[in-house]
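The values are calculated or read from the model by the stated rules, or taken from the named source; none is laboratory data. Keep in mind that what you see is a predicted model, and the values were worked out from it rather than measured. Counting neighbours? That spans all protein chains shown, and the Cβs are built from the backbone with ideal geometry, glycine included. Surface accessibility is based on the protein's heavy atoms, side chains included, excluding ligands, DNA and RNA. Shrake-Rupley method; radii C 1.70, N 1.55, O 1.52, S 1.80 Å.
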Amino acid sequence: MLFRSIGQPEFVKKEWVKPGAIVIDVGINQKEDTTAKRGYRLVGDVAFDEVAEVASAITPVPGGVGPMTIAMLLKNTLRAAELADHS
């Protein structure tokens, strides 16, 4: 399993990934894209298309780990509120 967040768009290439690896890309970067409405698109630190050829599973950017991060933050906030001293 490979977790990656280094702040370099599409830095990790498929040659660096063992076939069958699970890749969890937690990076998020703006990459110039003149065809996009904003002039850029969001990409991870892993070159998704090429690494997806060798990985058994890979998280997309955007939409990969972000929803899970938000869910866990909400869960922890609720737990903290439940444990708070309300006296």
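Of the GluC sites (Glu not before Pro) found in region 21-69, those that fall in a DSSP loop while having at most 15 other beta-carbon atoms within 10 Å are GLU53. Accessible surface for the chain, divided over its residues, is 73 Å² per residue with a 1.4 Å probe. Before anything else, pin down the relative contact order of the chain: Cα pairs under 8 Å, at least 6 apart, normalised by residue count, whole percent. For the chain, the relative contact order is 30 percent. Surface composition of the chain: carbon and sulfur make up 58 percent of the accessible area, probe 1.4 Å. Extending 7 Å from the Cα toward the beta-carbon at both ALA84 and LYS14 defines two label points whose distance is 5.0 nm. For the chain, the dipole from Cβ point charges (+1 on Lys and Arg, -1 on Asp and Glu) about the Cα centre works out to 100 debye, to the nearest 20. Run the paramagnetic zone check for SER56: 7 angstrom along Cα to Cβ, then residues of region 2-38 with backbone nitrogen under 13 Å. Only 2, 18-23 fall inside the zone, counting backbone N under 13 Å. Amide H contacts of TYR40: ASP33, each under 5 Å away and 5 or more positions distant or on a separate chain (H built 1.01 Å from N in the peptide plane; Pro and chain starts excluded).
ILE22 label point, 7 Å along Cα→Cβ, cut-off 12 Å on backbone N: hits in region 52-78? Inside the label zone: 56-59.
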